[in-house]
Amino acid sequence: MRLINVKVFLDLDAGKNRPDAKPLVEFTGLELTNTAYAILSHCWGDPKDEVQYTEMDSLAKIDVAGEMRKRSGYHKIRESCLQAFRDHLSWLWVDTCCIDKRSSAELSEAINSMYVWYANSDRCYALLHDVTTNTLPAERDSIDLNKFNGWPKWFSRGWTLQELIAPQDVHFFNRNWKCIASKRDSARALSVITRISVDVLEKGFSRSSTSVAQILSWAADRTTTREEDRAYSLLGLFGVHMPMLYGEGKNAFLRLQLEVIRMVNDQSIFAWRWTTPIGSASGFLATDPSHFRDCSSVVRMDPTDMLHTLEGYVSRRRLRKLASAKERLQTFAVTNDGILIWLPLKRERRSNHSKFFSAMLACYDGGGKRKPITITIREVGGIHFRHFGWPPEVEDQTTSIEFKSILLPYRDNIDQVNIRGPSWMQSRRRLQIWLGDITLEDSIIV
């Protein structure tokens, strides 16, 4: 981790140039553990206005009174250094200039370490560059901030989600670099803006007590410049690591979910769009975080709780026969053909051509009754599809429920859109295209 030496930077800014001055210093291992530092959280401007690593590294050789000082990015670093100096912190981290983005290996390491770096900081400075008032906004501004859902831009960006949650001490600054709030003292106002619970903001984030669906709901309305960063910006929140493959598009979010499944037993990952009244999908994993928008109150159930809940739907005699029921609830596996999982299924007969099942997930809506969230599965020719809108929940407790193993496909036709020219003929395989999957950007040439 590279850090800015606050005193050296401020000396160079004041014109006290020393050829041997090193504004950037690298820390590793125990040395980094014992170093107190501040960290900046901000929205990037035009890359030309930001100070890059090579420029900061050679700052002692550059006339800072020239072009660089006029940049908004330089002003952010300078104000952050002044604030760190006032907070008696000698080191500062800023993403624009502390990562050598010419190195893909270093960039990948930084992205996988970002959450920990923010969590270990002594203070985080969150710059709300479009706020001019001396307090956090209390209500949406649909005129000046319409592009960002009515709130300051900082709250709409993908990367700033972990930058809000990870550090214990976050201070918010307006455009004039006046401190207007802190995370701890403004938890309720921040919860209104972000849908993150007050408990998480006040007491800290715990992966064990927060469902996967709930975490993803916090990212539902956030955006990133690169599509892949919608997934990469969430790595730290789940404690998973994976290589950066820019150019993979939506596949990044699929890879993220598969990594989460390998590490966490949380069936709420299948609860996306659980309140959607109509529609279908060929994959049981979401293709975008926005699909979890209705999951902010979804709570996961551990296997023991789920087993007790099943006693209300399945006779104890039947449960006793399933001696390994609890064990089966504890795991589900990713295979090359889908996700193999044991679920309580209730057979529904609504079509002569399709079989419908309601599947109970080990999670529930914290804002309602403590009843398992139910999704509907449609089986056609031995292939399972996600069906939305019916039934919304299990009502009839006398209906027989079976505890069965089922294979859920997880690729939602990722390879079946954006078909160009005769290339589809070369694969010599039968493609199945759903009209709902075709967007205006897709063209099919026959």
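Kindly indicate whether residue 140 is charged (D, E, K, R) and open to solvent by less than 60 Å² (accessible area, probe 1.4 Å). Can you show your working first?
Values: charged (D, E, K, R): yes; open to solvent by less than 60 Å² (accessible area, probe 1.4 Å): no.
Answer is no for this residue.
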In the range 282-297, residue surrounded by the most Cβ atoms within 10 Å (Cβ to Cβ) [restricted to those that are more than 16 Å from the chain's Cα centre (by Cα) and under 22 Å from residue 331 (Cα atoms)]
284
Helices (runs of 4 or more DSSP H) contained in the range 1-62 and holding at least 2 residues within 18 Å of residue 78 (Cβ to Cβ) and at pLDDT below 95:
6-13, 53-57
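Name the single residue, out of those in the range 378-392 being assigned to a loop (DSSP other than H, G, I, E, B) and in contact with a strand residue (DSSP E or B) (Cβ under 8 Å, 6 or more places away or on another chain), that is modelled with the lowest pLDDT.
Going residue by residue through the range 378-392, those that are assigned to a loop (DSSP other than H, G, I, E, B) are 381-382, 389-392.
If we keep only those that are in contact with a strand residue (DSSP E or B) (Cβ under 8 Å, 6 or more places away or on another chain) as well, we get 389-392.
On the way: 389: 77, 390: 64, 391: 48, 392: 40.
Among them, the one singled out is 392.
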Residue check, residue 188 against (1) more than 23 Å from the chain's Cα centre (by Cα); (2) free of Cβ contacts under 8 Å to residues at least 24 places away in the same chain, all met but one. Which one?
(1)
Answer yes or no as to whether residue 26 is surrounded by 12 or more Cβ atoms within 10 Å (Cβ to Cβ), more than 23 Å from residue 169 (Cβ to Cβ) and acidic (Asp, Glu).
no
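If I ask for residues that are buried (at least 21 other Cβ atoms within 10 Å of the Cβ) and either out of contact with any Leu (no Cβ under 6 Å at 6 or more places or on another chain) or closer than 21 Å to residue 110 by Cα (or both), which ones from the range 255-267 would you list? Reasoning before the result, please.
First, pick out the residues of the range 255-267 that are buried (at least 21 other Cβ atoms within 10 Å of the Cβ): 256-257, 260-261, 266-267.
If the condition is that a residue be buried (at least 21 other Cβ atoms within 10 Å of the Cβ) and either out of contact with any Leu (no Cβ under 6 Å at 6 or more places or on another chain) or closer than 21 Å to residue 110 by Cα (or both), then 256, 257, 260, 261, 266 are the ones that fit.
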Looking at the range 393-415, I want the residues that are part of a strand (DSSP E or B) and of a type outside the set (Lys, Arg) and have a partner that is at pLDDT below 65 and open to solvent by 40 Å² or more (accessible area, probe 1.4 Å) with Cβ atoms under 9 Å, at least 6 apart or on another chain. Which pairs are those?
403/322
Filter result (open to solvent by less than 20 Å² (accessible area, probe 1.4 Å) and of a type outside the set (A, V, I, L, M, F, W, C)) within the range 36-52
37, 41, 42, 50
Candidate set: the range 305-323, residues that are out of contact with any strand residue (DSSP E or B) (no Cβ under 9 Å at 6 or more places or on another chain), of a type outside the set (Lys, Arg) and over 27 Å from residue 286 (Cα atoms); chosen: the one modelled with the highest pLDDT
308
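Being open to solvent by 30 Å² or more (accessible area, probe 1.4 Å) and within 24 Å of the chain's Cα centre (by Cα) is the filter; apply it to the range 365-390 and report the residue that is farthest from residue 331 (Cα to Cα). Write out each step before concluding.
Just the residues of the range 365-390 that are open to solvent by 30 Å² or more (accessible area, probe 1.4 Å), to begin with: 365-371, 378-383, 387, 389-390.
Those still in the list that are within 24 Å of the chain's Cα centre (by Cα) too: 365-367.
On the way: 365: 22, 366: 23, 367: 27 Å.
Once the filter is applied, the top-ranked residue is 367.
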Residues within the range 214-247 that are farther than 27 Å from residue 147 by Cβ and either open to solvent by less than 20 Å² (accessible area, probe 1.4 Å) or in a helix (DSSP H, G or I) (or both), tallied:
3
Residue pairs meeting the criteria (Cβ under 6 Å; at least 6 apart or on separate chains; first at negative phi, in the range 14-30; second of a type in the set (D, E, K, R) and not in a loop (DSSP other than H, G, I, E, B))
24/2; 24/57; 26/2
Taking the range 143-166 as the region of interest, how many residues are assigned to a loop (DSSP other than H, G, I, E, B) and either open to solvent by 70 Å² or more (accessible area, probe 1.4 Å) or farther than 18 Å from residue 290 by Cβ (or both)?
6
Considering only the range 191-209, how many residues are in a loop (DSSP other than H, G, I, E, B), open to solvent by 10 Å² or more (accessible area, probe 1.4 Å) and either in contact with a helix residue (DSSP H, G or I) (Cβ under 7 Å, 6 or more places away or on another chain) or free of Cβ contacts under 8 Å to residues at least 24 places away in the same chain (or both)?
4
Of residues in the range 193-231 being out of contact with any Lys or Arg (no Cβ under 9 Å at 6 or more places or on another chain) and among the acidic types (Asp, Glu), the one nearest to residue 250 (Cα to Cα):
229
Run residue 134 past the list (1) within 27 Å of the chain's Cα centre (by Cα); (2) not in a helix (DSSP H, G or I); (3) not hydrophobic (A, V, I, L, M, F, W, C) and report the number of the one that doesn't hold.
(1)
By residue number, the members of the range 268-281 that are buried (at least 20 other Cβ atoms within 10 Å of the Cβ) and modelled with pLDDT under 95 are 274, 281
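The values are calculated or read from the model by the stated rules, or taken from the named source; none is laboratory data. Every value quoted in this text rests on a predicted model; they were computed, and no experiment measured them. Because the Cβ atoms are built from the backbone with ideal geometry, glycine has one as well, and the counts that use them run over all protein chains shown. The accessibility values were calculated without ligands, DNA or RNA, using every heavy atom of the protein model including side chains. Shrake-Rupley method; radii C 1.70, N 1.55, O 1.52, S 1.80 Å.
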